[in-house]
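Trainee: What follows is a single structure, and I will ask about it in a moment.
The values are calculated or read from the model by the stated rules, or taken from the named source; none is laboratory data. These numbers come from a predicted model, not from an experiment. Reconstructed Cβ throughout: ideal geometry from the backbone, glycine too, with neighbour counts over all protein chains shown. The area values use the complete protein model at the heavy-atom level, side chains included, leaving out ligands, DNA and RNA. Shrake-Rupley method; radii C 1.70, N 1.55, O 1.52, S 1.80 Å.
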Amino acid sequence: MKYHILSGAAVAGLMASTAVAEEVRVYNWSDYIDESLLEKFETETGIELIYDVFDSNEVLETKLLAGGSGYDVVVPSGTFLQRQITAGAFQKLDASKLPNAENMWSVISDRVSKYDPGNQYAINYMWGTTGIGVNIGKVKEALGEDAPVDSLELVFNPANMEKLAGCGVHFLDSPVEIIPAALAFMGEDPDSQDPDVIRKTEPMLSAIAPHVQKFHSSEYINALANGDICVAIGWSGDILQARDRAAEAENGVEIEYYAPKEGALMWFDNMAIPVDAPNPEAAHKFLNFIMDAQNMAAASNYVYYANGNKASQEFLEEDVIGDTAIYPDEATLEKLYTTSPYDPKVQRVVTRMWTKIKSGT
Ligand code: N2P
(Lines give C-alpha, C1' and ligand atoms only; values in the text may rest on other atoms or scores of the structure.)
Protein backbone atom coordinates (compact mmCIF):
# COMPACT_ATOMS: atom_id res chain seq x y z
CA MET A 1 0.00 0.00 0.00
CA LYS A 2 1.28 3.47 -0.76
CA TYR A 3 -0.31 6.82 -0.19
CA HIS A 4 0.77 9.82 -2.13
CA ILE A 5 -1.25 12.68 -0.85
CA LEU A 6 -1.32 15.93 -2.73
CA SER A 7 -4.03 18.37 -1.85
CA GLY A 8 -5.73 20.76 -4.23
CA ALA A 9 -4.02 23.71 -2.56
CA ALA A 10 -0.61 22.18 -3.03
CA VAL A 11 -1.35 21.42 -6.68
CA ALA A 12 -2.36 25.04 -7.25
CA GLY A 13 0.82 26.17 -5.53
CA LEU A 14 2.88 23.89 -7.70
CA MET A 15 1.39 25.15 -10.91
CA ALA A 16 1.78 28.78 -9.90
CA SER A 17 5.51 28.51 -9.40
CA THR A 18 8.29 26.98 -11.43
CA ALA A 19 10.20 26.00 -8.31
CA VAL A 20 10.23 22.34 -7.33
CA ALA A 21 7.61 21.79 -4.63
CA GLU A 22 8.96 21.19 -1.18
CA GLU A 23 8.30 17.65 -0.01
CA VAL A 24 8.54 15.55 3.10
CA ARG A 25 8.69 11.78 3.15
CA VAL A 26 7.15 9.97 6.08
CA TYR A 27 7.45 6.21 6.73
CA ASN A 28 4.92 5.08 9.32
CA TRP A 29 3.19 1.87 10.40
CA SER A 30 0.12 0.80 8.39
CA ASP A 31 -3.35 1.52 9.84
CA TYR A 32 -1.84 4.11 12.15
CA ILE A 33 -3.32 7.51 11.24
CA ASP A 34 -6.47 9.30 10.24
CA GLU A 35 -5.62 10.03 6.61
CA SER A 36 -7.46 13.35 6.63
CA LEU A 37 -4.58 14.59 8.82
CA LEU A 38 -2.19 14.05 5.93
CA GLU A 39 -4.20 16.40 3.74
CA LYS A 40 -4.51 18.85 6.59
CA PHE A 41 -0.73 18.97 6.91
CA GLU A 42 -0.33 19.72 3.21
CA THR A 43 -2.98 22.42 3.28
CA GLU A 44 -1.49 24.10 6.34
CA THR A 45 2.14 23.97 5.24
CA GLY A 46 2.05 23.77 1.42
CA ILE A 47 4.54 20.91 1.74
CA GLU A 48 3.87 17.85 -0.39
CA LEU A 49 3.60 14.77 1.83
CA ILE A 50 4.74 11.38 0.63
CA TYR A 51 3.45 8.81 3.09
CA ASP A 52 4.58 5.19 2.90
CA VAL A 53 3.73 2.42 5.33
CA PHE A 54 5.37 -0.70 6.81
CA ASP A 55 4.33 -3.33 9.32
CA SER A 56 7.63 -4.52 10.72
CA ASN A 57 10.45 -2.95 12.73
CA GLU A 58 12.87 -5.28 11.00
CA VAL A 59 11.92 -3.94 7.57
CA LEU A 60 12.34 -0.36 8.76
CA GLU A 61 15.66 -1.18 10.40
CA THR A 62 17.09 -2.77 7.26
CA LYS A 63 16.28 0.36 5.26
CA LEU A 64 17.60 2.71 7.91
CA LEU A 65 20.87 0.96 8.56
CA ALA A 66 21.57 0.61 4.84
CA GLY A 67 21.43 4.41 4.68
CA GLY A 68 19.86 6.54 1.98
CA SER A 69 16.31 5.50 2.87
CA GLY A 70 15.12 8.85 1.52
CA TYR A 71 12.76 9.29 4.47
CA ASP A 72 12.50 12.41 6.60
CA VAL A 73 10.43 10.86 9.39
CA VAL A 74 10.38 7.22 10.53
CA VAL A 75 8.62 5.51 13.44
CA PRO A 76 10.63 2.76 15.20
CA SER A 77 9.48 1.11 18.41
CA GLY A 78 11.51 1.82 21.56
CA THR A 79 13.94 -1.11 21.51
CA PHE A 80 14.73 -0.55 17.85
CA LEU A 81 15.00 3.21 18.37
CA GLN A 82 17.62 2.59 21.05
CA ARG A 83 19.96 0.52 18.93
CA GLN A 84 19.41 2.70 15.86
CA ILE A 85 20.43 5.75 17.91
CA THR A 86 23.56 3.87 18.95
CA ALA A 87 24.20 3.02 15.29
CA GLY A 88 24.06 6.74 14.43
CA ALA A 89 20.90 6.45 12.32
CA PHE A 90 19.22 9.65 13.59
CA GLN A 91 19.86 13.34 13.99
CA LYS A 92 19.14 15.19 17.23
CA LEU A 93 15.85 17.05 17.26
CA ASP A 94 15.97 20.86 17.20
CA ALA A 95 13.74 21.81 20.15
CA SER A 96 13.39 25.38 18.89
CA LYS A 97 11.40 24.03 15.94
CA LEU A 98 9.06 21.95 18.12
CA PRO A 99 7.02 24.37 20.24
CA ASN A 100 4.22 21.79 20.55
CA ALA A 101 6.57 19.56 22.53
CA GLU A 102 5.12 21.26 25.60
CA ASN A 103 1.98 19.17 24.93
CA MET A 104 3.80 15.92 25.58
CA TRP A 105 2.99 13.69 28.55
CA SER A 106 5.91 13.22 30.92
CA VAL A 107 4.66 9.79 32.04
CA ILE A 108 5.27 8.50 28.51
CA SER A 109 8.32 10.65 27.64
CA ASP A 110 9.98 9.31 30.81
CA ARG A 111 9.31 5.73 29.75
CA VAL A 112 10.63 6.42 26.25
CA SER A 113 13.77 8.00 27.76
CA LYS A 114 14.78 4.46 28.73
CA TYR A 115 15.42 3.99 24.99
CA ASP A 116 16.34 7.59 24.08
CA PRO A 117 18.02 9.16 27.11
CA GLY A 118 16.94 12.78 27.50
CA ASN A 119 14.39 12.40 24.65
CA GLN A 120 16.93 13.94 22.30
CA TYR A 121 16.17 11.98 19.14
CA ALA A 122 12.49 11.14 19.10
CA ILE A 123 8.99 12.04 20.18
CA ASN A 124 6.45 9.42 21.16
CA TYR A 125 3.71 8.96 18.59
CA MET A 126 1.61 6.15 20.02
CA TRP A 127 1.96 3.21 22.37
CA GLY A 128 0.03 0.06 23.07
CA THR A 129 0.19 -3.58 24.00
CA THR A 130 0.61 -6.91 22.23
CA GLY A 131 -2.18 -9.32 23.03
CA ILE A 132 -4.96 -11.58 21.85
CA GLY A 133 -7.68 -10.76 19.35
CA VAL A 134 -10.58 -13.17 19.54
CA ASN A 135 -13.64 -13.89 17.45
CA ILE A 136 -15.76 -14.75 20.46
CA GLY A 137 -18.35 -16.89 18.67
CA LYS A 138 -15.89 -19.00 16.71
CA VAL A 139 -13.48 -19.53 19.57
CA LYS A 140 -16.26 -20.73 21.86
CA GLU A 141 -17.46 -23.01 19.09
CA ALA A 142 -13.99 -24.52 18.83
CA LEU A 143 -13.05 -24.66 22.52
CA GLY A 144 -16.31 -24.37 24.44
CA GLU A 145 -17.73 -21.72 26.74
CA ASP A 146 -14.68 -21.82 29.03
CA ALA A 147 -12.18 -21.01 26.29
CA PRO A 148 -9.24 -19.25 27.98
CA VAL A 149 -9.57 -16.10 25.86
CA ASP A 150 -7.66 -13.87 28.29
CA SER A 151 -4.75 -16.26 28.64
CA LEU A 152 -1.73 -17.18 26.53
CA GLU A 153 -2.88 -20.74 27.18
CA LEU A 154 -5.21 -20.10 24.24
CA VAL A 155 -2.34 -20.02 21.74
CA PHE A 156 0.64 -21.63 23.45
CA ASN A 157 -1.12 -24.85 24.43
CA PRO A 158 -0.81 -27.08 21.34
CA ALA A 159 -4.07 -28.87 22.18
CA ASN A 160 -5.96 -25.56 21.90
CA MET A 161 -4.12 -24.60 18.75
CA GLU A 162 -5.02 -27.88 17.08
CA LYS A 163 -8.66 -27.04 17.58
CA LEU A 164 -8.30 -23.40 16.58
CA ALA A 165 -6.41 -24.21 13.39
CA GLY A 166 -9.73 -24.99 11.71
CA CYS A 167 -11.03 -21.46 12.16
CA GLY A 168 -7.66 -19.79 11.55
CA VAL A 169 -4.94 -18.24 13.69
CA HIS A 170 -2.54 -15.45 12.73
CA PHE A 171 0.56 -14.48 14.70
CA LEU A 172 2.55 -11.27 14.33
CA ASP A 173 5.72 -11.86 12.35
CA SER A 174 7.63 -10.28 15.19
CA PRO A 175 10.12 -12.46 17.06
CA VAL A 176 10.92 -9.71 19.58
CA GLU A 177 7.27 -9.77 20.68
CA ILE A 178 6.26 -13.43 20.37
CA ILE A 179 9.36 -14.78 22.16
CA PRO A 180 8.87 -12.50 25.21
CA ALA A 181 5.21 -13.60 25.31
CA ALA A 182 6.31 -17.25 25.23
CA LEU A 183 8.77 -16.54 28.06
CA ALA A 184 6.04 -14.85 30.12
CA PHE A 185 3.80 -17.87 29.58
CA MET A 186 6.58 -20.20 30.75
CA GLY A 187 7.11 -18.13 33.89
CA GLU A 188 10.45 -16.78 32.68
CA ASP A 189 11.52 -13.14 32.48
CA PRO A 190 10.05 -11.84 29.19
CA ASP A 191 13.00 -9.45 28.93
CA SER A 192 15.58 -12.21 29.32
CA GLN A 193 18.74 -11.55 27.31
CA ASP A 194 20.14 -15.02 28.01
CA PRO A 195 20.26 -17.19 24.85
CA ASP A 196 19.82 -20.35 26.93
CA VAL A 197 16.62 -19.01 28.45
CA ILE A 198 15.39 -17.69 25.09
CA ARG A 199 16.00 -21.10 23.47
CA LYS A 200 13.66 -22.69 26.02
CA THR A 201 10.72 -21.29 24.05
CA GLU A 202 11.68 -23.05 20.83
CA PRO A 203 10.07 -26.48 21.42
CA MET A 204 6.76 -24.90 22.39
CA LEU A 205 6.76 -22.41 19.51
CA SER A 206 7.75 -25.14 17.06
CA ALA A 207 4.90 -27.32 18.35
CA ILE A 208 2.26 -24.67 17.71
CA ALA A 209 3.71 -23.14 14.51
CA PRO A 210 2.14 -25.75 12.18
CA HIS A 211 -1.26 -24.57 13.44
CA VAL A 212 -0.55 -20.93 12.68
CA GLN A 213 -2.09 -20.14 9.32
CA LYS A 214 0.10 -17.09 8.83
CA PHE A 215 2.86 -15.11 10.51
CA HIS A 216 2.00 -11.62 9.26
CA SER A 217 1.72 -8.26 10.98
CA SER A 218 -1.10 -6.41 9.23
CA GLU A 219 -3.41 -8.78 7.35
CA TYR A 220 -5.03 -9.90 10.59
CA ILE A 221 -7.10 -6.72 10.91
CA ASN A 222 -9.32 -7.51 7.94
CA ALA A 223 -9.01 -11.26 8.42
CA LEU A 224 -10.47 -10.94 11.93
CA ALA A 225 -13.10 -8.42 10.85
CA ASN A 226 -14.31 -10.62 7.97
CA GLY A 227 -14.43 -13.75 10.11
CA ASP A 228 -11.68 -15.40 8.03
CA ILE A 229 -9.66 -16.12 11.17
CA CYS A 230 -10.75 -16.60 14.79
CA VAL A 231 -7.62 -15.62 16.72
CA ALA A 232 -4.74 -13.20 16.17
CA ILE A 233 -1.78 -12.39 18.34
CA GLY A 234 -1.57 -8.75 17.43
CA TRP A 235 -1.51 -5.15 18.54
CA SER A 236 -4.20 -3.65 20.74
CA GLY A 237 -5.42 -0.86 18.45
CA ASP A 238 -5.33 -3.05 15.33
CA ILE A 239 -7.62 -5.56 17.01
CA LEU A 240 -9.95 -2.79 18.16
CA GLN A 241 -10.00 -1.53 14.56
CA ALA A 242 -10.99 -5.07 13.49
CA ARG A 243 -13.77 -4.99 16.09
CA ASP A 244 -15.07 -1.75 14.58
CA ARG A 245 -14.77 -2.88 10.97
CA ALA A 246 -16.83 -5.97 11.83
CA ALA A 247 -19.44 -3.87 13.64
CA GLU A 248 -19.67 -1.49 10.65
CA ALA A 249 -20.07 -4.40 8.25
CA GLU A 250 -22.85 -5.78 10.46
CA ASN A 251 -21.60 -9.26 9.61
CA GLY A 252 -22.29 -10.79 13.02
CA VAL A 253 -18.57 -11.05 13.83
CA GLU A 254 -17.79 -10.06 17.40
CA ILE A 255 -14.14 -9.27 18.14
CA GLU A 256 -12.59 -8.66 21.55
CA TYR A 257 -9.08 -7.70 22.61
CA TYR A 258 -7.39 -9.17 25.69
CA ALA A 259 -4.09 -8.22 27.29
CA PRO A 260 -3.13 -11.72 28.48
CA LYS A 261 -3.30 -12.31 32.22
CA GLU A 262 0.24 -13.73 32.23
CA GLY A 263 1.45 -10.26 31.19
CA ALA A 264 1.55 -8.22 27.99
CA LEU A 265 4.27 -6.28 26.23
CA MET A 266 3.88 -2.50 26.39
CA TRP A 267 5.66 -0.88 23.44
CA PHE A 268 6.25 2.69 22.31
CA ASP A 269 6.41 3.88 18.68
CA ASN A 270 8.38 7.07 18.19
CA MET A 271 8.98 9.57 15.41
CA ALA A 272 12.62 10.27 14.57
CA ILE A 273 14.52 12.00 11.76
CA PRO A 274 17.14 9.94 9.90
CA VAL A 275 20.63 11.41 9.94
CA ASP A 276 20.53 11.63 6.12
CA ALA A 277 16.94 12.95 5.84
CA PRO A 278 16.61 15.04 2.65
CA ASN A 279 14.42 17.66 4.36
CA PRO A 280 14.95 17.84 8.13
CA GLU A 281 13.32 21.27 8.24
CA ALA A 282 10.02 19.86 6.93
CA ALA A 283 10.44 16.80 9.15
CA HIS A 284 10.39 19.10 12.18
CA LYS A 285 7.24 20.76 10.81
CA PHE A 286 5.62 17.34 10.52
CA LEU A 287 6.59 16.37 14.08
CA ASN A 288 5.29 19.68 15.41
CA PHE A 289 2.04 19.19 13.47
CA ILE A 290 1.63 15.72 14.99
CA MET A 291 2.21 17.10 18.49
CA ASP A 292 -0.69 19.54 18.12
CA ALA A 293 -3.24 18.45 20.74
CA GLN A 294 -6.21 18.22 18.36
CA ASN A 295 -4.26 16.51 15.58
CA MET A 296 -2.89 13.91 17.96
CA ALA A 297 -6.36 13.33 19.43
CA ALA A 298 -7.81 12.88 15.93
CA ALA A 299 -5.17 10.24 15.18
CA SER A 300 -5.84 8.28 18.38
CA ASN A 301 -9.61 8.54 18.01
CA TYR A 302 -9.25 6.99 14.57
CA VAL A 303 -6.83 4.12 15.28
CA TYR A 304 -7.61 3.24 18.93
CA TYR A 305 -4.07 3.62 20.21
CA ALA A 306 -3.04 5.72 23.19
CA ASN A 307 -0.59 8.53 22.56
CA GLY A 308 2.16 10.34 24.42
CA ASN A 309 0.44 13.73 24.30
CA LYS A 310 -1.11 15.02 27.51
CA ALA A 311 -2.84 18.01 25.90
CA SER A 312 -4.64 15.73 23.43
CA GLN A 313 -6.50 13.95 26.20
CA GLU A 314 -9.32 16.47 26.49
CA PHE A 315 -10.11 15.88 22.80
CA LEU A 316 -10.16 12.08 23.00
CA GLU A 317 -13.44 10.25 22.57
CA GLU A 318 -14.75 8.51 25.67
CA ASP A 319 -14.46 5.09 23.96
CA VAL A 320 -10.72 5.77 23.62
CA ILE A 321 -9.63 7.45 26.85
CA GLY A 322 -12.21 5.48 28.83
CA ASP A 323 -11.21 2.06 27.46
CA THR A 324 -8.66 0.29 29.68
CA ALA A 325 -7.51 -1.74 26.64
CA ILE A 326 -6.21 1.60 25.27
CA TYR A 327 -5.48 3.71 28.35
CA PRO A 328 -4.75 1.04 30.98
CA ASP A 329 -5.89 1.52 34.57
CA GLU A 330 -3.56 0.67 37.46
CA ALA A 331 -4.62 -2.98 37.56
CA THR A 332 -3.92 -3.43 33.83
CA LEU A 333 -0.64 -1.51 34.03
CA GLU A 334 0.64 -3.98 36.60
CA LYS A 335 0.34 -6.77 34.04
CA LEU A 336 2.41 -4.96 31.44
CA TYR A 337 6.13 -5.43 30.88
CA THR A 338 8.65 -3.70 28.63
CA THR A 339 11.68 -5.13 26.86
CA SER A 340 15.17 -3.96 25.97
CA PRO A 341 17.04 -4.39 22.69
CA TYR A 342 18.98 -7.61 22.14
CA ASP A 343 22.69 -7.18 21.56
CA PRO A 344 23.86 -8.40 18.13
CA LYS A 345 24.88 -11.85 19.39
CA VAL A 346 21.53 -12.53 21.08
CA GLN A 347 19.67 -10.99 18.14
CA ARG A 348 21.30 -13.53 15.82
CA VAL A 349 20.09 -16.37 18.05
CA VAL A 350 16.57 -14.90 18.01
CA THR A 351 16.53 -14.37 14.24
CA ARG A 352 17.77 -17.88 13.51
CA MET A 353 15.35 -19.45 15.95
CA TRP A 354 12.44 -17.52 14.46
CA THR A 355 13.27 -18.59 10.89
CA LYS A 356 13.47 -22.19 12.07
CA ILE A 357 10.14 -22.00 13.93
CA LYS A 358 8.32 -20.48 10.96
CA SER A 359 9.76 -22.85 8.38
CA GLY A 360 9.16 -25.91 10.57
CA THR A 361 12.65 -27.31 10.00
C1 N2P B 1 -0.19 -0.11 13.66
C2 N2P B 1 0.60 -1.04 14.48
C3 N2P B 1 1.70 -0.38 15.17
C4 N2P B 1 2.06 -1.03 16.40
N5 N2P B 1 -1.01 -0.83 12.77
C6 N2P B 1 3.31 -1.76 16.37
N7 N2P B 1 4.35 -1.17 17.08
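Trainee: Give me the one-decimal nm value for the distance between modelled label points at VAL275 and ASP110, 7 Å along each residue's Cα-to-Cβ direction.
Mentor: 3.2
Trainee: I need the GluC sites (Glu not before Pro) found in the stretch 19-65, filtered to DSSP loop residues with at most 13 other beta carbons within 10 Å of theirs.
Mentor: Of the GluC sites (Glu not before Pro), the ones in loops of the stretch 19-65 whose Cβ has at most 13 other Cβ atoms within 10 Å are GLU35.
Trainee: Could you list the trypsin sites (Lys or Arg not before Pro) in the stretch 235-292 that lie in coil according to DSSP, counting only those with at most 15 other Cβ atoms within 10 Å of their Cβ?
Mentor: When the trypsin sites (Lys or Arg not before Pro) of the stretch 235-292 are filtered for loop state and at most 15 Cβ neighbours within 10 Å, LYS261 remain.
Trainee: Next question. So what is the relative contact order for the chain, in percent, with contacts set as C-alpha pairs under 8 Å and at least six apart? Write down the numbers at each step before the final one.
Mentor: Details: 670 pairs, mean separation 90.8, N = 361.
Once normalised by length, the contact order is 25 percent.
Trainee: Relative to the longest principal axis of the chain, what angle (0 to 90°, nearest 10) does the C-alpha long axis of helix 236-249 take?
Mentor: It is inclined by approximately 90 degrees.
Trainee: Kindly write out, for the stretch 261-266 in residue order, the coupling ³J(HN,Hα) from the Karplus curve 6.51 cos²θ - 1.76 cosθ + 1.60 (θ = phi - 60°), rounded to whole Hz, with x marking Gly and Pro.
Mentor: Here the 3J(HN,Hα) series is 5, 6, x, 9, 6, 9 Hz.
Trainee: To test your reading of the geometry: what angle, between 0 and 90 degrees and rounded to tens, separates the Cα axis of helix 293-303 from the longest principal axis of the chain?
Mentor: Long axis of 293-303 versus the principal axis of the chain: about 30 degrees.
Trainee: Additional query: For the stretch 202-280, rounded, prolate or oblate, judged on the Cα gyration tensor with a ≥ b ≥ c (square roots of eigenvalues), a/c < 1.5 rounded, else prolate if a/b > b/c?
Mentor: oblate
Trainee: Can you tell me how much longer the chain between GLU44 and GLN294 gets when fully stretched, taken as 0.36 nm per residue apart minus their C-alpha distance, in nm with one decimal? Provide the component values of the computation, followed by the final result.
Mentor: Details: separation 250, 0.36 × 250 = 90.00 nm, distance 1.42 nm.
88.6 nm is the gain from fully extending GLU44 to GLN294.
Trainee: Would you work out the relative contact order for the stretch 297-361, in percent, from Cα pairs under 8 angstrom that are 6 or more residues apart?
Mentor: Values: 26 pairs, mean separation 14.7, N = 65.
Rounded, it is 23 percent for the stretch 297-361.
Trainee: Please give the length that would be gained between GLU153 and GLU35 if that part of the chain were fully extended, namely 0.36 nm times their separation in residues minus their C-alpha to C-alpha distance (nm, one decimal).
Mentor: Details: separation 118, 0.36 × 118 = 42.48 nm, distance 3.71 nm.
Extra length available between GLU153 and GLU35 comes to 38.8 nm.
Trainee: Just to be sure I understand the model, the point goes 7 Å from the Cα along the line to the Cβ. What's the resulting GLU23 to GLU250 distance in nm?
Mentor: About 4.3 nm separates the two model spin labels.
Trainee: Moving on. Taking only Cα atoms, what is the 0 to 90° angle, nearest 10, from helix 57-66's long axis to the longest principal axis of the chain?
Mentor: Helix 57-66 and the main axis of the chain meet at about 50 degrees.
Trainee: So what is the relative contact order for the stretch 204-361, in percent, with contacts set as C-alpha pairs under 8 Å and at least six apart?
Mentor: The value is 24 percent.
Trainee: Going by Cα centres, the stretch 299-361 and the stretch 214-254 are how many Å apart?
Mentor: When both Cα centres are located, 17 Å separates them.
Trainee: A further question follows. Heavy-atom accessible area per residue, the chain, 1.4 Å probe: how many Å²?
Mentor: Per residue, the chain has an accessible area of 41 Å².
Trainee: In whole Å, what are the Cα extents of the chain along the three principal axes, biggest one first?
Mentor: If we take the Cα atoms of the chain, the spans are 65, 49, 38 Å.
Trainee: Can you list the residues, at least 5 places off or on another chain, whose amide H is less than 5 Å from the amide H of ALA306, using H built in the peptide plane?
Mentor: For ALA306, whose amide H was placed from the backbone, the distant partners under 5 Å are TRP127.
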